[in-house]
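Below is one structure, written out as structure tokens; the observations come after it.
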Amino acid sequence: MEDGGLVVMSAPANPFRCPPGPYERASLIAHYLKTRKPKSKLILLDAKDKFSKQPLFEAAWKELYAGVLEFVPLSAGGQVTEVDAKQKTFKTDFETYRAAVGNVIPPQRAARIAVDAGCADKSGWCPIDPVTFESKLIPGVHVIGDAAIAGAMPKSAFSANAQAKVCAEAVLALIAGQEPVEPRLINTCYSLVAPGYGISIAGVFKPSNGLLADVEGAGGISPLNAPNAAREQEAKYAEAWYDVITKATFG
Ligand SMILES: Cc1cc2nc3c(=O)[nH]c(=O)nc-3n(C[C@H](O)[C@H](O)[C@H](O)COP(=O)(O)OP(=O)(O)OC[C@H]3O[C@@H](n4cnc5c(N)ncnc54)[C@H](O)[C@@H]3O)c2cc1C
């Protein structure tokens, strides 16, 4: 892309995998533009008004990417209704944006294998028992990770990993004819807003009314007015978490 080109991104409505993902991606694209193509701009079109870690992202965008990153939420006409890959256009109800580089994050659902197995409901995702992760539609099948409807628990690798352990223990208990233990699950999602600038959200979840609900008072987001040293520290935590999860998952 020539310096001066317009990058257009679209983010989908909830639910989708990695709730802070599009905003982290937009931040890092904006960082690239600011440092390498300073006449360029990024427009982020969103099918929502609210998103994960929003106060932290918006404060960082104001501080770091004013004039580089423009956020257009649903209420300002951010919902994309049509994309033309050949013309590189994004259409909303109000405007057509012509991109030099476009990145569409489309609406999401569980993979076809989950639908074919009969585990997905009309929403496209799989309802599960929050204690055992057994499908509410197909007994004997357990669904974890992005495909599952896990209530307040976000679709993340951290969540999928925690759910896998809880689910395996529940399956062992069921096979042994025992009552599965009611779990408490944790999620943390780190995001880089720029190199060396990290922010995070953490949550603790427990079964409640057939779903997983937030444990009130547990978790939260990074402080809004933290010093640079705290953002640097969180960027290091993000890298350390990535090392741990990839080693734990793939060996
Ligand atoms: C840009 C981005 C950034 C992210 N950042 C983070 C982060 O910082 N922290 C975090 O915790 N999470 C993050 N996530 C989310 C994380 O990647 C997912 O939540 C996680 O991978 C979910 O794991 P899963 O096993 O449920 O699904 P997946 O990782 O999608 O695994 C499902 C697998 O099933 C395979 N499959 C599908 N159909 C079939 C079939 N018929 N036969 C055989 N195999 C099949 C797929 O190919 C895939 O490999 C991010 C996601 C994105 C897109």
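The values are calculated or read from the model by the stated rules, or taken from the named source; none is laboratory data. All of these numbers come straight from a predicted model, not from anything done at the bench. As a convention, Cβ positions derive from the backbone with ideal geometry for all residues, glycine included, and neighbour counts pool all protein chains shown. To get the accessible areas, we keep the full protein, side chains included, count just its heavy atoms, and leave off ligands, DNA and RNA. Shrake-Rupley method; radii C 1.70, N 1.55, O 1.52, S 1.80 Å.
Key figures for this structure:
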| quantity | calculated |
| --- | --- |
| In segment 238-247, the residues that are open to solvent by less than 80 Å² (accessible area, probe 1.4 Å) and within 12 Å of the ligand (Cβ to nearest atom) | 238, 241, 245, 246 |
| Residue within segment 16-27 that is of a type in the set (A, V, I, L, M), farther than 30 Å from residue 137 by Cα and within 15 Å of the chain's Cα centre (by Cα) present | yes |
| Residue list for segment 43-77, restricted to those being under 20 Å from residue 90 (Cβ atoms) and within 16 Å of the ligand (Cβ to nearest atom) | 44, 46, 51 |
| Filtered residues of segment 138-164 (kept if part of a helix (DSSP H, G or I) and more than 7 Å from the ligand (Cβ to nearest atom)) | 161, 162, 163, 164 |
| Check on residue 40, at pLDDT 95 or above, closer than 26 Å to residue 87 by Cβ, surrounded by 21 or more Cβ atoms within 10 Å (Cβ to Cβ) and among the small types (Gly, Ala, Ser) | yes |
| Residues within segment 104-125 that are open to solvent by less than 50 Å² (accessible area, probe 1.4 Å) and either part of a loop (DSSP other than H, G, I, E, B) or in the same structural domain as residue 167 (by TED's automatic domain parsing) (or both), tallied | 7 |
| Condition check for residue 32: of a type in the set (Ser, Thr, Tyr), open to solvent by 80 Å² or more (accessible area, probe 1.4 Å) and either at pLDDT 95 or above or within 16 Å of the ligand (Cβ to nearest atom) (or both) | yes |
| Options 70, 82, 24; residue that is touching a Leu at 6+ places or on another chain (Cβ under 9 Å) and not in a helix (DSSP H, G or I) | 70 |
| Cβ pairs under 6 Å, 6+ apart, first in segment 180-198 and outside the structural domain of residue 213 (by TED's automatic domain parsing) and in contact (Cβ under 8 Å) with a residue 24 or more places away in the chain, second open to solvent by less than 30 Å² (accessible area, probe 1.4 Å) and in a loop (DSSP other than H, G, I, E, B) | none |
| Subset of segment 1-13 [surrounded by 14 or more Cβ atoms within 10 Å (Cβ to Cβ) and closer than 17 Å to residue 72 by Cβ] | 6, 7, 8, 9, 10, 11, 12 |
| Residue match in segment 169-190 (condition: in contact with a strand residue (DSSP E or B) (Cβ under 9 Å, 6 or more places away or on another chain), within 18 Å of residue 21 (Cβ to Cβ) and aliphatic (A, V, I, L, M)) | no |
| Residue list for segment 48-57, restricted to those being touching a residue at least 40 places away in the same chain (Cβ under 8 Å) and open to solvent by 10 Å² or more (accessible area, probe 1.4 Å) | 51, 52, 55 |
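Rundown of residues vs (1) under 29 Å from residue 222 (Cβ atoms); (2) out of contact with any strand residue (DSSP E or B) (no Cβ under 7 Å at 6 or more places or on another chain); (3) assigned to a helix (DSSP H, G or I), yes/no style:
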| site | (1), (2), (3) |
| --- | --- |
| 59 | yes, yes, yes |
| 66 | yes, yes, no |
| 75 | yes, yes, yes |
| 94 | no, yes, no |
